[in-house]
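Below is one structure, written out as C-alpha cells; the observations come after it.
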Amino acid sequence: MAKYEYKEMKDTRSGFGDGLLEAGKRNPNVVALCADLTGSLKMDAFKDAFPDRFFQAGIAEANMMGVAAGQTIGGKIPFTGTFANFSTGRVYDQIRQSIAYSGKNVKICASHAGLTLGEDGATHQILEDIGLMKMLPGMVVINPCDYNQTKAATIAIAEYDGPVYLRFGRPKWPVFTEENEKFEIGKAKIFQEGTDVTIISTGHCVWESLKSAEKLEEKGVSVEVINIHTIKPLDEKAILQSVRKTGRVVTAEEHQMNGGLGDSVAQLLARNYPVPMEMIAVDDKFGESGKPEELFAKYGLGESNITAAALKVLKR
C-alpha cells in the first residue's frame, strides 16, 4: 500500500476561502454573501478583492438564502457562507422552497460542520446536515477531506449549474491530497486498492481511514480506501466495483448514522449487492463541548474505531 503522509496542517475552511477567491478571479459572475461570519468563513480575501461582489447579510440567514436565490435570476453565481448549523437547520424552508424546488444556481457553503467545531458545543455542532441536504431533489452534496480538496471543490462548483451544498470544517487537519488536483463532482477517489475490505469515508474521517488501513495492513489485511467527497450524486460504480472485489465494507463519517454517507451506501448495496457492513458515525446523539480529537475519540470516529469495525466485519 502507499503510505500517506502530510507536510502541514490546514483547516478546510481556509481551502474554501482560497477557492472562493480563485473562483471569483475566473468568473466575474461569482458573488459572495455572508451572515456576519466573514472571518470565520475565511471570506475576507474575496471581500477585499471584489468589494462590489460581496454582500454582508448580517445575522439574517434566511434572508441571505432568499437574496442568493434572487441573484441567480440575473445570472450571478452566489456563494453563501455561514456555519453548517445555520446554513441548513435554521434556513431549511428557504433552501427547500427558494433554492432546491426552483433549481436555483446557489452554492450553500457551510463551515464548522460536525463534532470538530469543538468547544462551541452541541448548539453549534450539526450532525444532521448531510441528511437534510441530500434528501432535497436536485441538491448536490459535497464533503471534502482536506484543504487542497476543499479549495478544488470550491472552484469546481462555480462551474456547475445547479444548487450545491459544500460542507467543511474548523480545525487544522492534515493536508494529504495533491495540490491543484482537479475536482470531479460525483467521482470517488480511490486512495489505495485492496482485496479484503473496503473502507468508504468522507470529510475528516478520510485521514482516520488511511491511518486505519495502515494498521490493518500490519495485521495482514488488504484494505481498499475510497474517499467519497461527493455524497450526492454518489459514485455507485466505484463503490460496487470495490465491494464486489472485497465482499465487506466499512463506512466512516463525522455525521449522524441516520441519514449520512453510510445510509446512502447501505441503500445502494441493499439494491444491488448485499454484503456484511459496519458503519462508523455518531449513533443518535447530540455533540458536546471539547477538543476535536477528544470528541472523535468519545464518539467513536477515530482510527482505532475504524480498525475495530474492519476486523469485526471480516468475521461476519
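Structure notes:
- Region 151-177, residues that are closer than 19 Å to Met65 by Cα and either in a strand (DSSP E or B) or not aliphatic (A, V, I, L, M) (or both): Thr154, Tyr160, Asp161, Gly162, Pro163, Val164, Tyr165, Leu166, Arg167, Phe168
- Residue match in region 235-253 (condition: charged (D, E, K, R), modelled with pLDDT under 95 and over 20 Å from Asp146 (Cβ atoms)): no
- Some residue of region 194-202 being touching a Lys or Arg at 6+ places or on another chain (Cβ under 8 Å), of a type in the set (Asp, Glu) and either in the same structural domain as Val225 (by TED's automatic domain parsing) or modelled with pLDDT of 95 or more (or both): yes
Residue-by-condition table, conditions (1) surrounded by 15 or more Cβ atoms within 10 Å (Cβ to Cβ); (2) assigned to a loop (DSSP other than H, G, I, E, B); (3) at positive phi:
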position: Ala238; (1), (2), (3): yes, no, no
position: Lys245; (1), (2), (3): no, no, no
position: Glu253; (1), (2), (3): yes, no, no
position: Leu269; (1), (2), (3): yes, no, no
position: Asp284; (1), (2), (3): no, yes, yes
position: Glu294; (1), (2), (3): no, no, no
position: Asn305; (1), (2), (3): yes, no, no
position: Ala309; (1), (2), (3): yes, no, no
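- Boolean, Leu234 is in a helix (DSSP H, G or I) and at negative phi: no
- Test: residue in region 127-143 that is of a type in the set (S, T, N, Q) and at pLDDT below 95: no
- For region 54-72, taking the residues that are out of contact with any Phe, Trp or Tyr (no Cβ under 8 Å at 6 or more places or on another chain) and not hydrophobic (A, V, I, L, M, F, W, C), the one that is surrounded by the fewest Cβ atoms within 10 Å (Cβ to Cβ) is identified as Gly58.
- Residues satisfying the stated conditions in region 135-150, i.e. under 12 Å from the mean Cα position of the chain (by Cα), outside any loop (DSSP other than H, G, I, E, B) and not aliphatic (A, V, I, L, M): Tyr147, Gln149, Thr150
- The residues in region 105-153 that are farther than 30 Å from Lys7 by Cβ and either in contact with a Leu (Cβ under 8 Å, 6 or more places away or on another chain) or surrounded by fewer than 24 Cβ atoms within 10 Å (Cβ to Cβ) (or both) can be counted, and the count is 17.
The values are calculated or read from the model by the stated rules, or taken from the named source; none is laboratory data. This one's a predicted model, so the numbers in the text were calculated from it and none came from an experiment. A quick note on method: Cβ atoms are made from the backbone with ideal geometry, for glycine too, and the neighbour counts reach across all protein chains shown.
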